[in-house]
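Could you have a look at this structure, given as structure tokens, before my questions?
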Amino acid sequence: MNNNIFLIGFMGSGKSTVGNILSKRLGYSFVDTDELVEEDCEISICTMFDKFGEKYFREKEYVALKKVLENKNQVVSTGGGIVTYDKSRELLEGQEVYYIDVDSETVYQRLKSDSTRPLLKNSSFEKMSDLLSIRKKIYENTCTRKIDGKKEPEKVAEDIIFNMTVIHDKP
Ligand code: S3P
């Protein structure tokens, strides 16, 4: 029993904000796979996509996820596309995974001035919406529970705690 809680969902769904709150509430450490990749590779994700492409990033993300699984008592915020890489999705199977669900309008409002997500660079609302609807099914198939991500982050964290089915030992 590793007591880890994974958060999945589209870019802008609030995984990091909710994850931070949740980790404090549970007394767990907070881990963000995007940050781990950037620290390990010593470059930003944007630069990595530009220089080496998405597949390279997905492999680094997989390696980061594998390392995360060596530890316990963590709330783990994952990159929005982690579930699209079979090897990473397989690692998430059997874990306690919460899908923070948001609609495309919410994502658009939250990220319209963001320049840190390579996949949304110069993307139209329609393209972003299409990507979200393709991924939605994968998030749903990977998660143990879907959580409404349109609420305030504190409320989303509370909803996750309320829905936690696994009994966690105190860290
Ligand atoms: C990505 C989401 C990003 C980051 C990378 C790719 C995606 O993470 O991993 O830019 O494919 O959806 P966030 O979901 O934390 O923005």
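Once you wrap a convex hull around the alpha carbon atoms of the stretch 24-66, what is its projected area averaged over all directions, in nm²?
Across all orientations, the stretch 24-66 yields a mean hull projection of 3.4 nm².
A further question follows. If you consider only alpha-carbon coordinates, what radius of gyration and Dmax does the stretch 34-104 have, in Å?
12.5, 35
Do the sum for the chain: with -39,500 (n - 2.57) for every DSSP H run of n ≥ 4, divided by all residues, what is the mean residue ellipticity at 222 nm, to the nearest 500 deg cm²/dmol?
After summing the helix terms and dividing by residue count, I get -15500 deg cm²/dmol.
Moving on to the next point. Around residue 80, what is the net charge, scoring Lys/Arg as +1 and Asp/Glu as -1 over all other residues with Cβ under 11 Å from its Cβ?
Details: positive: 15, 117, 135; negative: 34, 61.
Within the 11 Å Cβ shell, the charges total +1.
Placing unit charges on C-beta atoms (Lys and Arg positive, Asp and Glu negative, everything else neutral), compute the dipole magnitude of the stretch 5-165 about its Cα centre in debye, rounded to 20.
200 debye
Here is a further query. Around residue 97, with a cut-off of 12 angstrom between Cβ atoms, what is the net charge of the other residues, counting Lys and Arg +1 and Asp and Glu -1?
Summing Lys/Arg as +1 and Asp/Glu as -1 gives +1.
Grab the eigenvalues of the alpha-carbon gyration tensor for the chain, scale each by 5, take roots, and send me the semi-axes largest first in whole angstrom.
24, 19, 14
Do the alpha carbons of any pairs in 24/60; 55/121; 51/121 sit beyond 21 Å of each other, and which pairs?
24/60
Express the carbon and sulfur contribution to the solvent-accessible surface of the stretch 5-165 as a percent, rounded to the nearest whole number, probe 1.4 angstrom.
48 percent
Rolling a 1.4 angstrom probe over the protein heavy atoms, how many square angstrom per residue are accessible across the chain?
Each residue of the chain exposes 53 Å² on average to a 1.4 Å probe.
Cα-based Rg of the stretch 87-171 per 2.2 N^0.38 Å, rounded to two decimals?
Ratio of Cα Rg to 2.2 N^0.38 Å: 1.26.
The values are calculated or read from the model by the stated rules, or taken from the named source; none is laboratory data. Everything numeric here is computed off the predicted structure, so don't read it as measured data. A quick note on method: Cβ atoms are made from the backbone with ideal geometry, for glycine too, and the neighbour counts reach across all protein chains shown. Accessible surface is based on the protein model in full, side chains and every heavy atom, while ligands, DNA and RNA are left aside. Shrake-Rupley method; radii C 1.70, N 1.55, O 1.52, S 1.80 Å.
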